[in-house]
Amino acid sequence: MTKTLRLAGSVLGGALAAALLIGCTQPGELTQRLSIATGGTGGVYYPYGGGIAKVISDNLEGVEATAEVTAGTVDNLKFIASRSADLGFALADSLDDAFHGRGAFSDFGAVPARAIAVLYDNHNHVVTLEGTGIRAVPDLAGRIVSTGAPGSGTEISAFRILEAAGVDPEEEIRRQSLGASQSVSALRDGKIDAFFWSGGIPTGSVLDLASTPGRTIRVVPNAGVLPLLQSRYGEAVYHESVIPLRTYPGMDADVATIAVSNVLVASEAMDAELARGITAALFDYHTELAAVHPMAGVLALETAVAGSPVPFHDGAISYYRERGAWNPAQD
C-alpha cells in the first residue's frame with residue numbers, strides 16, 4: 001500500500017510539474033530550450049553567455065536558455081552546424097573561415113551561420129611575466145608558449161600572429177594548448193614562459209594573475225603585424241585596438257593589440273521570429289547584461305550591425321530595421 005501511494009504520488013507530482021511548466025508558457029506550447037555555446041570559465045564568453053541566457057529565459061515567453069562551457073569559437077561553430085547549439089559566440093576570423101569552409105573547417109565543411117549581433121572586440125593578449133625578457137612577439141622563439149585551447153579562436157589568432165612575426169608555431173616554440181585559466185596557472189607556476197589569449201578586457205583570469213602578490217605581468221604589444229594580417233585575411237577581419245594602461249595591475253603603458261570582433265551567431269535555420277526576439281532581448285534588457293561584465297556594456301545598435309563577415313539572420317535584420325539601425329546598403 002505504501003509503495004503504491006508513493007508511486008501514485010510520484011506520478012501525480014510529475015503531472016503537476018508538467019502542468020505548471022505548460023502553464024508558464026503560451027497555451028498549448030511546451031518550453032523551448034536553447035543552448036548557448038560560450039567558452040571556458042576563465043574568459044568573457046561564459047559570463048556574457050550566462051547573462052544572455054538569463055534575459056532570454058526571463059523575458060521570452062516559453063523559452064529557456066542555458067550557457068554551456070566549451071573550448072571556444074571553432075567548436076561553437078561546429079555545434080551550430082550540427083544543431084547541438086542554438087546560439088554561439090564566435091571570433092570574426094574563425095567565423096569567416098567557417099562560413100567559407102576553409103582553414104580549421106576545410107574537412108568539416110562550410111557552416112551555415114548567421115549573425116545576430118556584433119558584440120565587442122577581442123584583444124589578442126600575449127601575456128608574460130617581468131623577468132622573462134619577452135618584450136615583442138619574435139622574442140617567443142625558443143620559449144614554452146600556450147597558444148590556446150584546441151578548438152578555440154585563440155589558437156587560430158595565435159598561429160597567425162606568430163607566423164606574421166616570423167615565428168613558426170610548429171617548429172620554433174615549445175607549444176602548449178591551454179585555455180585561459182590553465183595558461184594563467186601554468187605561467188604563475190613557471191611551467192610556461194608566455195601565453196596567448198583572445199578575449200575582452202578585462203579578462204578575469206588575467207586580472208587574477210596580475211593581482212597575484214610577487215608577480216608583475218607584461219602584456220606584449222602585437223599590433224605591428226596588422227598590415228601583414230590584413231593583406232592575408234582582409235581588412236574587415238582584423239584591426240588595431242588598445243588595452244588601456246589601467247586595465248591590469250602592473251601595466252606601465254597602453255598596449256596596442258590585434259583586435260577581432262566577437263559575433264553572436266545562430267544557424268540560418270533558426271526561426272525568424274525567435275531570432276528577432278533574441279535580438280530584441282539583447283537591447284531591451286541591456287542594463288541587465290551590462291551588469292554581468294563590462295564587455296556586455298559596450299553593445300550598441302550602431303556597432304551591432306557592423307563588422308560581421310557573415311550575413312545577418314533575417315529575424316535580426318527585422319529588429320534592426322524597426323529600430324532604424326539597419327543600412328539598406330547591407331541588403
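The values are calculated or read from the model by the stated rules, or taken from the named source; none is laboratory data. Just so it is clear, the model here is predicted, and its values are computed rather than measured. Neighbour counts run over all protein chains shown; Cβ positions are idealised from the backbone, glycine included. Calculation scope for accessible area: heavy atoms of the full protein, side chains included, ligands and nucleic acids excluded. Shrake-Rupley method; radii C 1.70, N 1.55, O 1.52, S 1.80 Å.
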Qualifying residue in the stretch 34-55 (condition: in contact with a helix residue (DSSP H, G or I) (Cβ under 9 Å, 6 or more places away or on another chain), closer than 20 Å to Ala290 by Cα, of a type in the set (S, T, N, Q) and crowded, with 16+ Cβ neighbours inside 10 Å): yes
Checked the stretch 95-117 for anything among the aliphatic types (A, V, I, L, M) and open to solvent by less than 10 Å² (accessible area, probe 1.4 Å); matches are Leu95, Ala98, Val111, Ala113, Ala115, Ile116, Ala117
Picking from Asp271, Asp314, Asp284, the residue that is touching a residue at least 40 places away in the same chain (Cβ under 8 Å), open to solvent by 60 Å² or more (accessible area, probe 1.4 Å) and closer than 13 Å to Ala115 by Cα would be Asp314
Note on the stretch 173-195: residues assigned to a loop (DSSP other than H, G, I, E, B) and within 18 Å of Ala71 (Cα to Cα) are Ser177, Leu178, Gly179
Being out of contact with any strand residue (DSSP E or B) (no Cβ under 9 Å at 6 or more places or on another chain), over 26 Å from Phe105 (Cβ atoms) and open to solvent by 10 Å² or more (accessible area, probe 1.4 Å) narrows Asp139, Asp193, Asp208, Asp168 down to just Asp208
Expected output for the stretch 133-162 (first residue at negative phi, partner open to solvent by less than 10 Å² (accessible area, probe 1.4 Å) and among the acidic types (Asp, Glu), Cβ below 6 Å, 6+ apart or cross-chain) is none
